[in-house]
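Visitor: One structure follows; several queries about it will come next.
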Amino acid sequence: MAFALSPERERELQDILTRYPTRMAATIPLLHLCQDQNGWVSEEIIQYVANKLDVPPAHVQGVVTFYTLFNQKPVGKHQVWVCRTLPCALRGAYGVIAQCEKKLGIHVGETTKNGKVTLRTAECLASCGTAPMMQVNKEYHENLTPERIDAILTKLQES
Amino acid sequence: MLVRTDYLTKVYSLGHSLDVYERQAQGYQAARKVLLTMTREQVVEEAKKANIRGRGGAGFPMGIKWSFMRPHPTKPAYLVINADEGEPGTHKDRTLMELNPHSIIEGCIIGCYAIGANVAYIYVRDELHLSKERLWGAIKEAQAKGYLGKTPFGKNYPVEVYVHTGAGAYICGEETSLLNSLEGRRGEPRLKPPFPAQAGAFGCPTTVNNLETIATVPAAFMLGCEAYSKLSALHHIADGGVRLYGINGHVKKPCVVELACGPTINELIYDIGGGILGDKPLMAVIPGGSSTPVLRADEVVDAPDEKSPMHAWHGKNVMDVPLGVDTMRGVGTMLGTCCVTVMAEGTDPVLAMLNLMQFYHHESCGQCTPCREGSAWLDRTVQKLYDGNGTTEDIALLADIANNIMGNTICAFGEGTAMPALGFLKKFKREFEEYATGTRTKAQARLTVD
Ligand SMILES: Cc1cc2nc3c(=O)[nH]c(=O)nc-3n(C[C@H](O)[C@H](O)[C@H](O)COP(=O)(O)O)c2cc1C
Ligand code: SF4
Ligand code: FES
């Protein structure tokens, strides 16, 4: 079936379009809506966004490839991002990454075999004062300890 | 000198609603006063007296930036607020969005009026979901009260505020990259001129202010801008008011705290941060985000010339110099975002630099060859040294690569990569040489305090 936004997201798009003097300005917000719905940005979504906003598909493609948060291929059900940058590393981020890899049985950049969790590292997420930290889907987990990491990952694998 | 204040942070522990903001923090009174009793020109003149140095990193005087905005015969003007907060080590703007969002909305109302805009966009990095939610919540509350919309406080001067999000790119914090991103494009910085005040968002006159810069505006107008400036220990060198200071890394109590401008790094570490983990000695500090060159604990101010603005601190340890835009420039680094990263003795400086070079390599937008290739080459070369495969020539090469980036790029990301690289190389020469000669290896390298 051809990709289309859900009615609720379609309403949100109409609201978004009222905020800017151009339709192109809605490119990133609309891509976020599409990715929220589909999990990743497919060729078809690129076409869809281009049609919706009257911009060339090449423009949308260029935007998608520029920004790290747009997934250009399917990813797991849950996204785990561990901050690796210096302030977090000073508080043990490398240990957090190692623990996640071990517990999930995958390397950074991979998805668990059951498709549940994709593990990635992130650059500074503005939580350096509560380091180490990781983002799970839309939520921040700060002041991580090995016990909390274990509990968070266990829950993800079960859900 | 350490002076705690609570102009921005009073409501942090009380709640983020409009009700709390109005009752506990005299919320929206400054915007009301400005819109109902002052002309646009008066607002800009008054703002200059606050000596608010931009809180986004460069420290440009906010009032002067506002004064660059001239009414355009046909085009609208825009206020764009930079809440991309991605500079490694920076964690202050997020606290304002989460815990005092109304100060930002009120600042936007005053800012829009001052520069002749009717729309403000707050550009928030996508990952900060709670921040975005709190900002939208505050916008809805302010609209319902009639503080935003067609006639704020009954004045015929429409103001709308919108939240816009990025999608994960540090470079979008650079103001012209941010404007491209706002327009729905790749976040590649633009050549300047034209500057945003001439052609910014959607080709129209635009002011880009950092989020904390705009959030402090209501406090300045509430107190009177000169009185606000005088709260600072550095008022006499036009560095006014209060700021959020972050402290992270190897301290016992990392946090964000509001202080009158001008505390010293030692005060932040020992009086605010509770001292260093394990009571270790201090090795070094990155004063204001990863792009600001590192300071060693044993560095002393060298300004024997009585005419030097730094002479007052001649012979003192750099950690005892008040943190200010010009004082940090005076000791060869930058104040940056005012969030201090602390490294205890025992931290491996080569591994620390490698971590940061990986960051810059990952985040270069790739438009300029010296930055794209240079950041990759820096990363590879530090990695080679760290892995024990480097030579002393590689150390000289690192400095060469960094020097070739400086001044040869479209945006300040280039300097932001080269300056910290040169800082680590100069200040930790011995450790780099030990890696090159094999007397130090990565097997012992630590970034944590055990
Ligand atoms: C690579 C780079 C990243 C930047 N990131 C940010 C940022 O995350 N937040 C910010 O406010 N300013 C950032 N800046 C500075 C902005 O370009 C701009 O100077 C600032 O938003 C202006 O606001 P201010 O004058 O209130 O500080 C960055 C600059 C560069 C070169
Ligand atoms: S200096 Fe680097 S980040 Fe800035 S425009 Fe050039 S390549 Fe992009
Ligand atoms: S370094 Fe991890 S949040 Fe800043």
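The values are calculated or read from the model by the stated rules, or taken from the named source; none is laboratory data. If you're wondering where the values come from, they're calculated on a predicted model, not measured in any experiment. Here Cβ is always computed from backbone atoms with ideal geometry, including for glycine, and neighbour counts include all displayed protein chains. Protein only, heavy atoms only, side chains kept; ligands, DNA and RNA dropped before computing areas. Shrake-Rupley method; radii C 1.70, N 1.55, O 1.52, S 1.80 Å.
Visitor: Check every one of the helices (runs of 4 or more DSSP H) wholly within the range B:158-237 and list those with 3 or more residues that are more than 14 Å from every other protein chain (Cβ to nearest Cβ).
Guide: Of the helices (runs of 4 or more DSSP H) lying wholly inside the range B:158-237, those with at least 3 residues that are more than 14 Å from every other protein chain (Cβ to nearest Cβ) span B:211-215, B:217-223, B:225-230.
Visitor: May I pose another question? Consider B:Ala83 carefully, then state whether it is farther than 30 Å from B:Cys411 by Cβ, modelled with pLDDT of 95 or more and open to solvent by less than 10 Å² (accessible area, probe 1.4 Å).
Guide: So B:Ala83 does not fit the description; no.
Table: residues versus (1) away from chain A (no Cβ under 13 Å); (2) open to solvent by less than 10 Å² (accessible area, probe 1.4 Å); (3) in contact with an Asp or Glu (Cβ under 6 Å, 6 or more places away or on another chain).
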| site | (1), (2), (3) |
| --- | --- |
| B:Met328 | yes, yes, no |
| B:Met334 | yes, no, no |
| B:Tyr360 | no, yes, no |
| B:Arg372 | yes, no, no |
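Visitor: Out of B:Ala215, B:Ala197, B:Ala169, B:Ala201, report the one residue that is assigned by TED's automatic domain parsing to the domain that holds B:Ile139 and within 16 Å of ligand 3 (Cβ to nearest atom). Working first, answer last.
Guide: Details: B:Ala215 fails: within 16 Å of ligand 3 (Cβ to nearest atom); B:Ala197 fails: within 16 Å of ligand 3 (Cβ to nearest atom); B:Ala201 fails: within 16 Å of ligand 3 (Cβ to nearest atom).
Just one listed residue meets the conditions, B:Ala169.
Visitor: Please specify each residue of the range B:86-102 satisfying the condition of being more than 9 Å from chain A (Cβ to nearest Cβ) and surrounded by fewer than 24 Cβ atoms within 10 Å (Cβ to Cβ).
Guide: Matches in the range B:86-102: B:Glu98, B:Leu99.
Visitor: May I pose another question? Is it true that A:His32 is under 30 Å from B:Gly89 (Cα atoms), in a helix (DSSP H, G or I) and open to solvent by 10 Å² or more (accessible area, probe 1.4 Å)?
Guide: Spelling it out, A:His32 is indeed under 30 Å from B:Gly89 (Cα atoms), in a helix (DSSP H, G or I) and open to solvent by 10 Å² or more (accessible area, probe 1.4 Å).
Visitor: So, one more: Mind listing whichever residues of the range A:123-139 are free of Cβ contacts under 8 Å to residues at least 40 places away in the same chain and more than 9 Å from ligand 3 (Cβ to nearest atom)?
Guide: Those that are free of Cβ contacts under 8 Å to residues at least 40 places away in the same chain and more than 9 Å from ligand 3 (Cβ to nearest atom): A:Lys138, A:Glu139.
Visitor: Mind checking which residues of the range A:61-90 are more than 30 Å from A:Ser42 (Cα to Cα) and more than 7 Å from chain B (Cβ to nearest Cβ)?
Guide: A:Cys88
Visitor: Would you pick out the residues in the range B:415-429 that are surrounded by 24 or more Cβ atoms within 10 Å (Cβ to Cβ), within 16 Å of ligand 2 (Cβ to nearest atom) and not polar (S, T, N, Q)?
Guide: If the condition is that a residue be surrounded by 24 or more Cβ atoms within 10 Å (Cβ to Cβ), within 16 Å of ligand 2 (Cβ to nearest atom) and not polar (S, T, N, Q), then B:Gly416, B:Ala418, B:Pro420, B:Ala421 are the ones that fit.
Visitor: Going through the range B:238-275 one residue at a time, which ones are away from every other protein chain (no Cβ under 14 Å), open to solvent by less than 10 Å² (accessible area, probe 1.4 Å), part of a strand (DSSP E or B) and not basic (Lys, Arg)?
Guide: Answer for the range B:238-275, where residues must be away from every other protein chain (no Cβ under 14 Å), open to solvent by less than 10 Å² (accessible area, probe 1.4 Å), part of a strand (DSSP E or B) and not basic (Lys, Arg): B:Val242, B:Leu259, B:Ala260.
Visitor: Here is a follow-up. Quick one: which of A:Val82, A:Val96 is part of a helix (DSSP H, G or I) and open to solvent by less than 50 Å² (accessible area, probe 1.4 Å)?
Guide: A:Val96
One line per residue, one yes/no per condition, for (1) under 17 Å from B:Glu363 (Cα atoms); (2) β-branched (Val, Ile, Thr):
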position	(1), (2)
B:Leu398	no, no
B:Cys411	yes, no
B:Leu422	no, no
B:Glu434	no, no
B:Gly438	no, no
B:Thr441	no, yes
